[in-house]
1. Mind checking the dipole of segment A:81-235: about its Cα centre, +1 per Lys or Arg Cβ, -1 per Asp or Glu Cβ, Debye to the nearest 20?
2. Suppose R0 equals 25 Å; then what is the FRET efficiency for residue A:17 and residue B:14 from their Cβ-Cβ distance, rounded to the nearest 0.05?
3. Treat each spin label as a single point 7 Å out from the Cα along the C-beta direction, and report the residue A:120 to residue A:41 distance in nm.
4. Can you give the mean number of other chain Cβ atoms that lie within 10 Å of the Cβ atoms in peptide A:95-105?
5. May I have the pair-distance distribution P(r) for the protein assembly as shown, computed from all Cα-Cα distances with 10 Å bins from 0 and rounded to whole percent?
6. Using a 10 angstrom cutoff on alpha carbons, build the Gaussian network for chain A and name the most mobile of A:94, A:135, A:160.
7. Over the alpha carbons of segment A:44-116, what is the largest minus smallest coordinate on each principal axis, giving the biggest first in Å?
8. Using the Kirkwood radius over Cα pairs, work out the Stokes-Einstein diffusion coefficient for segment A:90-147 at 20 °C and 1.002 mPa s, in µm²/s as a whole number.
Amino acid sequence: MPAAASSPSSPPPRTSALFAFVSFGAVIAAQTHAILTSPAEGDMGHLQKIMYVHVPAAWMTFLAFFVVLVFSARYLWKGRENDDLLAASAAEVGALFNGLTLMLGMIWGRPAWGVWWVWDARLTSTLVLFLIFVGYLALRAFVDDAEQRARWSAAVGAIGALNVPIVYMSVTWWRTLHQPPSSPATLDPAYTLGLRLNAIALLLVMIYFIRKRYEIARLERAAEHAAEAAAMGGR
Amino acid sequence: MIESNQVFIIAAYAVTWGGMLAYLAYLARRGGRARAESERMAPADRNAV
């Protein structure tokens, strides 16, 4: 039997609001800096500025699904309910960033490639990743038994996260229209600071989202436990 | 006049902010509901004990 979630102790509302303010403020500052200071790129011109949102969103997707992998594996090992709730919170936030990555890629692809979508390895594997985690969230919504839900979603989450290295390596393993991975190591130095700042800012937002979602999941689970206890008492 | 490429840049930033703010609103709504439910269940929990 899995260990029940300990009683939820959320951070004080003021701390949470301050973290949100700092995170979103950092995104505004990083985006403003990138838009105002990065020069037009040789081939793409100012279209390059989409990189500052598309690439960090893709990195946050990978990172969030890595969190899913770690906590899903830990749930399967130790059976702690909090690990399941944290994995589920990261999965939801990862799906958000995955969806954003796909949409931003399409917005970039239309003017750069002349098409919104092409079934190449990078785009297709990113879509498959997104669908796996939409399935993960649907599974959680439809399974009522908490223990079964946690076990099944831990298995799906861990297997789904294993798709991340395939997405990352897809541009190397197959011939794709998508360019090789963008990173500070492969970029012109004029763009590296902007990319780093935007990645850090989005990381703060991702941490805020996962923390907040986890806090809500624990409250919901505590209410579920209370309802179960009340039903048992009323028998 | 806005160049055609600028439309895509504006769209990309609008989608990013739209997505983040929509999720923030969803968290606020779901959090409020969860807190209300948890407060409603608390007396029942105590009674059960």
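1. 420
2. Efficiency computed from Cβ-Cβ geometry: 0.50.
3. 1.2
4. Whole-number average of other-chain Cβ neighbours for A:95-105 is 3.
5. Bins of 10 Å from zero give 6, 26, 31, 21, 11, 4, 1, 0 percent of pairs.
6. Of A:94, A:135, A:160, the Gaussian network model singles out A:135 as fluctuating most.
7. Here the spans come out as 51, 18, 13 Å, largest first.
8. In µm²/s, the coefficient rounds to 169.
Values quoted throughout were computed directly from the atomic coordinates according to the rules given, and no laboratory measurement underlies them. What you are looking at is a predicted structure, and each value in this text was computed from that prediction instead of being measured. All Cβ positions, glycine included, derive from the backbone under ideal geometry; neighbour counts span all protein chains shown.
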